[in-house]
Ligand SMILES: [Zn+2]
């Protein structure tokens, strides 16, 4: 599964580098962008996957393993030069009286007053080691954060490892949004990196909400980030698609 996290990371980093714009980038400017792909090392991406899914293993909500994974992410981001905030919160879990404790790991790269949130969930389901879902997404996020550490970006980019995605309420994402308060108005896009290391195809989705089913049906919301991602992927010859097409 080496190739897919690499492709996903490269696309993510490029998307952030280009910055969310309302029109696709002109083809001519992309020589510099393509050079950027050399900044991402497949082995470094896979090291994150192994650290999370093999060394730490399954990371269900509220476990010591979820906490260790959060610490791993915080340490990695700090090693790239980012200031890191760990946002701890209580999560209600169906069938349990006592809430579980989870945490979001937040760092930001300063740009202008508009923010793009890049997120990947830290926790995993009870079954399996969570290599694809979602060590691969965290690995892509970390590798992009590393590759972009010394690159000037137009917009502020918040890299967030989210706790409590698989179960519980509030989710880490809910808690993060609430914590932003009116600052949510400054967030112009959120890129959720999930399960980028497994499956037959590589997809980019956009929309306000998704219903169940495989593939999920996505309804409403702007699609320009997805469209930009697809344009960049096509330019790079990366086989990304979307459903519905
Ligand atoms: Zn997931």
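Overview of values
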{"item": "Check on residue 163, buried (at least 21 other Cβ atoms within 10 Å of the Cβ), under 15 Å from residue 9 (Cβ atoms) and within 14 Å of the chain's Cα centre (by Cα)", "result": "no"}
{"item": "Filter result for residue 113 (closer than 30 Å to residue 98 by Cβ and touching a residue at least 24 places away in the same chain (Cβ under 8 Å))", "result": "no"}
{"item": "Region 142-168, residues that are outside any helix (DSSP H, G or I) and either within 16 Å of the ligand (Cβ to nearest atom) or under 19 Å from residue 67 (Cβ atoms) (or both)", "result": "159, 160, 161, 162, 163, 164, 165, 166, 167, 168"}
{"item": "Any pair with Cβ under 7 angstrom, 6 or more apart, that starts in region 153-168 at a residue that is under 14 Å from residue 187 (Cβ atoms) and ends at one that is within 12 Å of the ligand (Cβ to nearest atom)", "result": "160/119"}
{"item": "Subset of region 71-84 (residues that are closer than 26 Å to residue 225 by Cβ and surrounded by 14 or more Cβ atoms within 10 Å (Cβ to Cβ))", "result": "73, 76, 77, 80, 82, 84"}
{"item": "Residue list for region 123-138, filter: near the ligand (Cβ under 10 Å from one of its atoms) and assigned to a loop (DSSP other than H, G, I, E, B)", "result": "123, 124, 125, 130"}
{"item": "Residues being within 16 Å of the ligand (Cβ to nearest atom) and either part of a loop (DSSP other than H, G, I, E, B) or closer than 17 Å to residue 67 by Cβ (or both) - total across region 106-122", "result": "3"}
{"item": "Residue identified as surrounded by fewer than 18 Cβ atoms within 10 Å (Cβ to Cβ), more than 26 Å from residue 100 (Cα to Cα) and either within 15 Å of the ligand (Cβ to nearest atom) or modelled with pLDDT of 95 or more (or both) among 182, 222", "result": "182"}
{"item": "Lone unmet requirement of (1) farther than 28 Å from residue 183 by Cβ; (2) away from the ligand (no atom under 16 Å from the Cβ); (3) part of a loop (DSSP other than H, G, I, E, B); (4) at pLDDT 95 or above for residue 82", "result": "(1)"}
{"item": "Sole exception among (1) surrounded by 17 or more Cβ atoms within 10 Å (Cβ to Cβ); (2) outside any helix (DSSP H, G or I) for residue 230, by number", "result": "(2)"}
{"item": "Selection from region 87-104 of residues that are surrounded by 14 or more Cβ atoms within 10 Å (Cβ to Cβ) and within 11 Å of residue 172 (Cβ to Cβ)", "result": "87, 89, 91, 102, 103, 104"}
{"item": "Some residue of region 190-208 being in contact (Cβ under 8 Å) with a residue 60 or more places away in the chain, away from the ligand (no atom under 14 Å from the Cβ) and over 19 Å from residue 117 (Cβ atoms)", "result": "yes"}
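The values are calculated or read from the model by the stated rules, or taken from the named source; none is laboratory data. All values reported here derive from a predicted model rather than from experimental measurement. We place every Cβ from the backbone using ideal geometry, glycine too, and count neighbours over all the protein chains shown.
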